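A short write-up of the structure that comes next.
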Amino acid sequence: MPQRRRKPASPLRQHQARSFNFASGIIYVGAAIASIALGAIFYKGYTSAKQIARANESPSQNLSMDLPPGARVVTKSGQQRIVTKPKPGRPPAGSQANPTEELEANPPLRESDQAPEPEEDSTLEEHPPLEPNGFPSLKTPLPTPWSAGYEELTETQTARLTPTAAVAGSTLSSKETAADLPLKGNENFILTQYDISNLRGWTIKRATWHGRITRGSVRDLSFSTILADWDPITGRFLVSGTNRPAAKAALPDDAALPWDGWYFFRGNGSSLIFCSKPAETNNAPGEWISVELDPKIVQALVAGASYGIAICDEKGQSQQLAAIAGTNDADSCSFIEVEGGLADIIPPGEVSHLKAWAHPDLSHPDRVGALLTWTATGDNAKKGHAFRYDIRHTTNSAVFSMAETLPLHAIPFPQPSGQRDQVVIDHLKPDTDYTFYIRVMDESGQPGPIGKTSLRTAGLLQLPTAKQPNLYDAAAIEVASRAVSLWVVDEATAVNPISGQIAQPLQEEAELSPIWNRSSRTLTLRAAKNETLGFQLILGRKEAAFPALQIDAEAFRNAQGELIEADFAFYRMWYSVSAPVRGTRNVYGDGLTPLKGPVKMPWADNPIPNQAYQSVYAEIHVPADVSEGLYRTQIILTAPNGTKDAINVLLTVLPAAIPAKPSFACELLIPPGIASQYRKNALNAAAAFPVEQGYRELAAAHRCAASSIPYSGGQCPTPFSPPVVGKGQDIRVTSWVEWDERFAGAITNSVTAFHTLPIFESWPTTFREGYVCFNSDLRPAGNGPLVFGGEAETLEACMSTPYWRAFRSLVQQFGEHFKTSGWNGLRAGIWLVNEPSTGFVGRTLAWSLGHPLYRDDFLALDAFARVAGGEASASWSPDLFAFRVSIPDAGLLGHQGGPRFQLLSASDPSIRGWEALRQRAALYNAQLWFESETLPLVHQPIAAESIGIGYFLEGADGWTIREAAGIAENWTRARDPSLLYCGFPLGQEQPYPSLRLKMLRRTQQDIELLKLLQVQMGWTRLQLKDFVTSFLSPLKGGADHAQNWSLLRQAVLDLLAKNE
């Protein structure tokens, strides 16, 4: 028999397996038990020592900012939660509010829920990718919400926190009282501070807020972390800087800026915000209410990441003032019941790859900045997600504890371990050695090792020196046999037709001019290619009878005999009287009509009592293909007796060229029924189209786009919307013919930057048909219509499924139609501008979509944006669909809507608001436009340029003017909306321009020149702002006077030509 082959033994096994020995087994088992017991003893001793050490730490070690006395631990127990008997009138300490869906959407993680802890990515390069300038991008990474990993509490504890300070803040007044803390929407809120010294080292597992109502009732509350220190007596934030207007001219004289306190606890995008409703739905004065909080809100106090908790009413648009008991009455004062304990005993790790960069984009004429980049670490060494950063800097040898701390509102929340992170530190000294420190904190306030790096900052931004322009004697000359005086002013200068005085004159502006030289009777102009220049001829009557003067101009010609193939266009200024202001009527020169025949004074159709001066507006377009150099011509004035007078005109064409397609959008909204102003049927395309096309062509000639919001009052009739059949997902457009005939001209217009689709809350399905929430969810808003007052988390469900499907389907069908029509050069999308109104057709809109100020408004907009995005927007060509949102107050926006709000039309006039908007736009790749109701009709037409360039420098890439079409009576009674004057009273079926429209064109052209300079100099938009500000500020009158802007324009042209 063949022998059985033995199986080869493992090289790790060098001996035979022994038979089982019972005695040996007993010994092994006993040793294992002893080892386990000994380990348990050591572990218990270690954790006890750790707790004692953590409890004895000083407040400075925990970096807690809210450390006045007040909080106390109620009970301590092993794994049981013992609740003491509450005082009379208080709810049981263990009572729970029903958590909302928002809380349940992100509950504390259980062990079974845990995903693998992220490890630091060892494949990351030492430094982030560099841009062409050799530095990392300044774009902030998208924030990653912090969530606690699973932690086993060594001992569950319960504590009750009572406020050490509670102040009623107000955006309307300075009313403060500790006995009665009012809550009302965006008007009244509460700021609270707590002593959290007894919570040192805790991981918070549960928190419930309790408050006693003293007035009204409460429906929804929000609780926010506060990122700036504040006075516990007055409630004022202790932050340097003021909330200034971005462009003063954009504000009416009695207008107030939005309150800027929102940026420190809800509008900054970095505050933690939790919203919920009380468990007690039928609350009333004298009753207690309770709200179960997201533990992160209290955790931020423990970690030193908040200066307290702000409490706001989130249903203020639908109810009267409510109030919570203050700190005067200990038995009625609000409190927070907290459950947690020591759990996180492993400190965070140190950040890696820490480096400081003297980024050139952070240099300014008065300060510099630095960019810090690093790789994030975890809250347990290199694992997990840390809670906050402690970032400091110093210019000397000061240690970490003595260095200057970066404010909380300037510090980002940490990214998960292994991801890149960064922060910009501004307002540093130039050419100075700095040391930067970063220390990571976990949720319990436990600090990690200190990271350190050094840098010598860059020098100040050196701005180019502009050539001083020539200034000439600006006095008038005499023409027409000394019967008429004549001088030339900038197109932005307003001259009174009665006195001849310049509105708000400067001595230099009245006596000296960069364009008009009395001595040589010469007008000196300078222009870029493809630019249109304008100026005003001022004619003064020196005798009782004004001789009618004919004005003509010859063609421009250079020394080589080349002509500019363009003619002067002359317009007569039309004067109108404003409505009485404080008993005074003002005379404005604004409307412009083509000059046909000689100039008269007075005009039969525009009589002005005691008129002695008449302005004639003149313009010339410089073609894009013209040769550079000096051109000459003359303007000839011919009197009735044949006497001729000439003024010389010199035009220097410079190398710079204005792009044919504007890069800064200027959108003028006209009513969809504008044809009715001309006695035309607005619903009849054949009758209305010529009128509408006239508005579009006039706007385009001034580098603006005349657009319409195709719906109003809950209606969007055909042809403003295409005909549809079916419902829900089966809805379809039956014909595009009539809609295309009406709007193809606007869509293909080269200056149009955004086309508003007819899709809105009442088309293709009416709001009445789609709204399915209970009528009981609608609440009165003061004396106005009913607004939504139901649960915010169910808001999207208030519209039926067929409603949303029809909405999505029409977005897809419009995208496909734009593609097949070849309309690929225009961005189109949805812009919801309606508000609750008693004049709304059908069911009143439940949310203010066109003027969002409350959380419900933004949630409703976000619901529409979600449906319009995703698969629906995928039918469009890339980047050609946008969901547009109006932003009246940037401090109330925060990060609501996230990347779904792709075009922000902001009417917030404050610099602080635009700082927040710029950060948000950069974060989500959104576009910013400034939005105003009108372009104010003021004495100084230069206001248009001051406003437009002011907001451009703050980050705007467009300007929307909501009311731009005048009505018939504006020819005699001036009004702000009359940018485009109705031609019907003058017997025309087309509009006429205004001086303000000419100024919009000049503003747009000057923005293009500034952008050319920005690119040439390698500046950021804010560095370009530095240049403009440094040029205008030293000049008398600053940005309020036309001549200063003319000097700036010449300086820009000189710099462009110098570096060509």
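Just so it is clear, none of the values below were taken in a lab; they were calculated from the coordinates. Not measured: the values here are computed from a predicted model. Heads up, the Cβs are rebuilt from the backbone with ideal geometry, glycines too, and the neighbour counts pull from every protein chain shown.
Here is the tail figure for region 665-996: Cα pairs spaced more than 27 Å apart come to 45 percent of all pairs. The trypsin sites (Lys or Arg not before Pro) found in region 563-661 that occupy coil by DSSP, while having at most 10 further C-beta atoms within 10 Å, are Arg582, Lys596. Net charge of the neighbourhood of Thr934, taken over other residues with C-beta under 14 Å away and scored Lys/Arg +1, Asp/Glu -1, is -3.
Each listed q (0.13, 0.21 Å⁻¹) maps to a log10 I(q)/I(0) for region 208-286 from the Debye sum over equal C-alpha point scatterers, namely -0.65, -1.05. Each Lys and Arg Cβ is given +1 and each Asp and Glu Cβ -1; about its Cα centre, region 352-456 then shows a dipole of about 280 debye.
Its Kirkwood hydrodynamic radius, worked out from the mean inverse distance over all distinct Cα pairs, puts region 472-657 at 17.4 Å. Fewest-first ordering of Ile759, Ile564 by other beta carbons within 10 Å of each residue's beta carbon gives Ile564, Ile759.
Cα centroids of region 882-938 and region 344-376: 28 Å apart. Here region 185-341 is treated with +1 on each Lys and Arg Cβ and -1 on each Asp and Glu Cβ, and its dipole about the Cα centre works out to around 340 debye. Coordinate range of the alpha-carbon atoms in region 352-456 per principal axis, descending: 42, 27, 23 Å.
Here the alpha carbons of region 589-722 define both size measures, Rg and Dmax, at 21.3, 63 Å.
Tally Lys and Arg at +1 and Asp and Glu at -1 over the other residues with C-beta under 13 Å from the C-beta of Ala688: what net charge comes out?
Summing Lys/Arg as +1 and Asp/Glu as -1 gives 0.
If the Kirkwood radius is taken over C-alpha pairs of region 870-973, then at 10 °C and 1.306 mPa s the Stokes-Einstein diffusion coefficient equals 104 µm²/s. Within the shell of other residues whose beta carbon sits under 13 angstrom from the beta carbon of Gly745, the net charge comes to -2, with Lys and Arg scored +1 and Asp and Glu -1.
Sorting Cys312, Cys704 by the number of Cβ atoms found within 10 Å of their own Cβ, with the fewest placed first, yields Cys312, Cys704. Solvent-free Debye calculation, one equal scatterer per alpha-carbon of region 907-1060: log10 I(q)/I(0) at 0.09, 0.14, 0.20 Å⁻¹ equals -0.34, -0.78, -1.27. With q set to 0.14, 0.17, 0.20, 0.23 Å⁻¹, the log10 of I(q)/I(0) for region 397-516, from the Debye formula over equal scatterers at the Cα positions, is -0.76, -1.00, -1.23, -1.42.
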